[in-house]
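The values are calculated or read from the model by the stated rules, or taken from the named source; none is laboratory data. Note that this is a predicted model, so its numbers are computed, not measured. Using ideal geometry, Cβ is built from the backbone for each residue, glycine included, and neighbour counts are taken over all protein chains shown. In case anyone asks, the SASA skips ligands and DNA or RNA and just uses the protein heavy atoms, side chains included. Shrake-Rupley method; radii C 1.70, N 1.55, O 1.52, S 1.80 Å.
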Amino acid sequence: MSLLVVGLSHRSAPVSVLERASLDSGTQSKLLQDTLAAEPAVEAAVLATCNRIELYADVDKFHAGVAELSTLLAQHSGVGLEELTPYLYVHYEDRAVHHLFSVACGLDSMVVGEGQILGQIKDALARGQELHTAGRLLNDLFQQALRVGKRAHSETGIDRAGQSLVTFGLEQLATGQTVESWAKGRRALVIGAGSMSSLAAATLARSGVDEIVIANRTAARAERLVQILTEPGGTGVTARAVAMDRLADELTRADVVVSCTGATGLVLTRVAVETAMAARTAPLALLDLAMPRDVDAAVHGMVNVRLVDIESLADASADAPMAADVDQVRSIVSDEVAAFGAAQRAAHITPTVVALRTMAADVVAGEIARLEGRLPGLDEKQRAEITQTVRRVVDKLLHAPTVRVKQLASEPGGAGYADALRTLFDLDPEAVASVSRADMNDADVKNRGRV
């Protein structure tokens with residue numbers, strides 16, 4: 001296993017750099033394709049959220065891999081390599097596994113314990129599968145990361161330590177009040193209709209706002225979100241959808257605005273907010289969860305306007321208390337990393353064992369054919385009995401060493417056992433490689449549509 005991850009996050013880079021380096025969906029796909037086209041990567045996956053950009057790859061050379069992945073991130077993010085490099089972190093092999101498992105559990109999130117990252121990891125895997133850039137290693141890794149994250153949330157109280165970025169942001173706006181008491185009776189404007197915006201709308205509805213207005217470039221998605229919010233038996237909130245060109249009017253009416261779109265430019269400029277404030281007397285609360293930002297940073301400091309954005313949340317989260325359950329989650333991560341490594345090392349020797357058994361079967365078939373030539377008088381029952389006996393002898397001779405070599409290969413430092421087996425039995429390297437390719441193809445078929 002030669003797993004490598006190169007990335008940057010809110011822990012390593014200022015928000016201004018993360019904002020400039022953010023990757024839209026099309027750029028992520030291009031990055032994956034270019035990573036596979038370049039050496040030394042043979043698999044690739046990209047995990048891009050509002051506070052992290054990480055490129056995962058299976059590489060055959062560490063230093064060349066780091067250089068190539070760093071260059072590709074710089075090229076596709078538009079941030080120069082020289083400027084980007086100081087903010088990049090690198091994890092390799094078991095450390096890379098440990099990093100992703102920690103991310104999946106919410107330990108590396110801006111808000112510790114938040115569960116939204118699992119959906120983002122799922123999306124990253126789905127993109128890799130769709131583009132056929134995720135092979136056996138990354139499929140296994142990301143699938144296991146999802147299981148580890150779910151285990152952490154089900155077996156520990158990590159949820160008590162964390163909350164969604166939406167809730168954390170609303171708490172910052174509430175400034176000492178509960179979100180429910182602060183939100184009750186307010187009018188809310190939600191810009192965007194993606195997963196984060198939908199979560200924001202649902203959170204606001206549960207918190208007791210009187211009205212939610214959804215503004216989105218795609219009218220059908222906005223209408224669908226309104227339908228979900230107003231379903232019978234729900235929160236009873238009033239909701240309606242508007243076109244993006246109605247934002248100016250809605251800004252004069254809303255008490256709280258949550259924005260999270262995929263726009264590459266500003267959605268709300270300082271001028272737009274100033275114009276809205278000139279037509280109203282009530283204060284305005286803005287929560288910008290987009291990366292790059294939707295709301296002009298120049299809005300900070302405006303009279304009667306409170307803006308909380310990713311940068312504000314990063315500062316606030318540094319002082320957020322961590323639950324005691326975090327230690328338990330860290331223990332789970334360590335155990336799962338060890339188990340994953342053992343499984344991968346054991347799987348590494350499987351093609352060699354299969355090639356050995358195939359060679360043994362070919363030897364048995366050749367000897368049986370030679371025996372039939374020398375003893376043509378054997379009837380079918382005798383021939384079958386001899387064939388079965390020879391096969392049993394070969395199987396018994398190979399059983400103990402192949403089982404034992406799999407056990408040894410699963411231990412740290414066990415990678416050399418596959419080489420030893422190939423040397424001892426003079427196995428054809430191409431025969432081993434063909435088994436590996438067949439396994440890769442089978443894994444690709446099985447993993448399509450699994451996430």
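For the reader, a short list of remarks on this structure follows.
- Protection proxy ranking, highest mean first, for peptides 237-245, 56-64: 56-64, 237-245, where packing is the per-residue count of other beta-carbon atoms within 10 Å, averaged.
- Summary of packing: across the peptides 390-403, 33-46, the per-residue average of other C-beta atoms within 10 Å ranks them, highest first, as 33-46, 390-403.
- Once divided by 2.2 N^0.38 Å, the Cα radius of gyration of the chain becomes 1.26.
- Contact order, relative form, for the chain: 14 percent (alpha carbon pairs under 8 Å, 6 or more residues apart, mean separation divided by residue count).
- Distance between region 179-204 and region 312-381 - C-alpha centres, whole angstrom: 47
- Partner aspartates and glutamates for residue 406 [C-alpha distance under 13 Å; skip if fewer than 8 residues away on the same chain]: 419
- Per-selection metrics, region 30-98 (Cα): Rg and Dmax in Å: 11.4, 30
- Per-residue ellipticity at 222 nm computed for the chain from its helices equals -18500 deg cm²/dmol, with DSSP H segments shorter than 4 residues left out and the rest contributing -39,500 (n - 2.57).
- Degrees separating the helix 429-447 axis from the principal Cα axis of the chain, which is the longest one: 40
- Charge dipole of region 57-205 about the Cα centre (unit charges at C-beta), most positive-ward option of 193, 121, 137: 193
- Ordering of 100-107, 369-376 by burial proxy (mean other Cβ atoms within 10 Å per residue, highest first): 100-107, 369-376
- For the chain, the Cβ-based charge dipole about the Cα centre amounts to some 900 debye (Lys, Arg positive; Asp, Glu negative; other atoms uncharged).
- Of the trypsin sites (Lys or Arg not before Pro) in region 255-312, the ones in a loop by DSSP (not H, G, I, E or B) with at most 14 other beta carbons within 10 Å are 280.
- Cα-based helix-to-principal-axis angle, 116-130 vs the chain, degrees rounded to 10: 50
- Accessible surface of the chain, 1.4 Å probe: 52 percent of it comes from carbon and sulfur atoms.
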